[in-house]
Amino acid sequence: MDFQELFPDEAACLDYLAASRWPEGFRCPACDSQRAWVLERRHLWECAHCHQQTSVTAGTVMHGTRTSLRLWFWAAYLVATHTPGISAVQLQRQLAISRYETAWLILQKLRRAMVAPERERLRGEVEVDETLVGGVREGRHVARRHGEKALVGVIVEARGRGSGRLRLKLLPDASQATLTGWLKASVEPGAIVHTDGWPGYAKLASAGFEHRPRQQRRDHPDAQKLLPRAHRAASNLKTWLQGTHRGVSPDHLQVYLDEFVRHEALSDRVGCKAPPPGRRSGPVKLRAA
């Protein structure tokens, strides 16, 4: 109700964007004049002195949109507050959007905007593993033979017995070059890195990390305890993808991974227990784009 009262119409949304862009009041980028009028339908402010037109949505996911700002604001609110995430079908139904394609595009833009480019690398002690998304195939070392499956890298900070920040990355392969490069981009040098015995992690010590591999056969009954935080995060990811989105396109999987990381940061679900085996939703499907 508070959100609805804050943004009851298009004008309120424009005023909010203008206040965010010009917190000290409007300044024309051409002549520095402070007087302007609003072209509401085009989301423009026009300088009263030189008539330079400035877009209030420039540099945002809403720039150039034909969809109302009020609908964009509601979509952003739902994406940020709907704890399990929200699918395009759900968004279309919630906001009475006539076309599914419009709801899907809004969600894709919002998902890409949710990742902070300046976010810090993980530090301290981390667990690293890979998992497969899509398909039903089983077998030893299955995480390194992905084929029709998508290979997703998982890094989780260890905070006591619990989990800290999470990073997920769609990986082309599990080679040394790929894994070492990904770790260097995601984790601070000097961090303690726990992995399994996969040879792709063999160069981590020379890359500046304190590498502590844990050797154990994947078909061992206690294999899940080898890297419990990483396995828990992977399990929660697959349950979320299947429960919320039913299936995802491989071409857009990374934005879904980023959305999951964002929701995990908001709800701190990484530290919760994985669903009991009997309650799982089944394999995640990778759909054609």
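The values are calculated or read from the model by the stated rules, or taken from the named source; none is laboratory data. No experiment lies behind these values; they were computed from the predicted model shown. Glycine gets a Cβ as well: all are built from the backbone with ideal geometry, and neighbour counts include every protein chain shown.
Could you tell me how many of the residues in region 33-47 are without any contact (Cβ under 8 Å) to a residue 24 or more places away in the chain, out of contact with any Asp or Glu (no Cβ under 9 Å at 6 or more places or on another chain) and surrounded by 13 or more Cβ atoms within 10 Å (Cβ to Cβ)? Of the residues in region 33-47, 5 are without any contact (Cβ under 8 Å) to a residue 24 or more places away in the chain, out of contact with any Asp or Glu (no Cβ under 9 Å at 6 or more places or on another chain) and surrounded by 13 or more Cβ atoms within 10 Å (Cβ to Cβ). Screening region 184-199 for residues that are surrounded by 18 or more Cβ atoms within 10 Å (Cβ to Cβ) and over 24 Å from the mean Cα position of the chain (by Cα) and picking the one that is farthest from Val126 (Cα to Cα) gives Trp198.
Of the residues making up region 112-148, those that are within 16 Å of Val187 (Cβ to Cβ) and modelled with pLDDT under 90 are Arg119, Glu120. In summary, Arg217 fulfils each of the numbered conditions (1) in a loop (DSSP other than H, G, I, E, B); (2) charged (D, E, K, R); (3) at pLDDT 70 or above; (4) more than 23 Å from Gly124 (Cα to Cα) with the single exception of condition (3). All conditions in (1) modelled with pLDDT of 65 or more; (2) touching a Pro at 6+ places or on another chain (Cβ under 6 Å) hold for Leu286, with the sole exception of (1). Condition check: surrounded by 15 or more Cβ atoms within 10 Å (Cβ to Cβ) and either under 18 Å from Leu14 (Cα atoms) or in the same structural domain as Lys169 (by TED's automatic domain parsing) (or both). Does Trp74 satisfy that? Against the criterion (surrounded by 15 or more Cβ atoms within 10 Å (Cβ to Cβ) and either under 18 Å from Leu14 (Cα atoms) or in the same structural domain as Lys169 (by TED's automatic domain parsing) (or both)), Trp74 qualifies.
The combined condition, being in contact with a helix residue (DSSP H, G or I) (Cβ under 8 Å, 6 or more places away or on another chain), at pLDDT below 75 and within 27 Å of Leu110 (Cβ to Cβ), is fulfilled by Val270. When you scan region 82-90, do you find a residue that is in contact with a Phe, Trp or Tyr (Cβ under 9 Å, 6 or more places away or on another chain) and farther than 30 Å from Lys238 by Cα, even just one? No; the residues of region 82-90 include none that is in contact with a Phe, Trp or Tyr (Cβ under 9 Å, 6 or more places away or on another chain) and farther than 30 Å from Lys238 by Cα. Is it true that Gln4 is at negative phi, among the polar types (S, T, N, Q) and either surrounded by 13 or more Cβ atoms within 10 Å (Cβ to Cβ) or in contact with a helix residue (DSSP H, G or I) (Cβ under 7 Å, 6 or more places away or on another chain) (or both)? No; evaluated as a whole, the condition is false for this residue.
The C-beta contact set for region 92-117 (first residue over 14 Å from Leu257 (Cα atoms), second residue assigned to a helix (DSSP H, G or I) and hydroxyl-bearing (Ser, Thr, Tyr), distance under 6 angstrom, 6+ apart or interchain) comprises Gln92/Tyr100.
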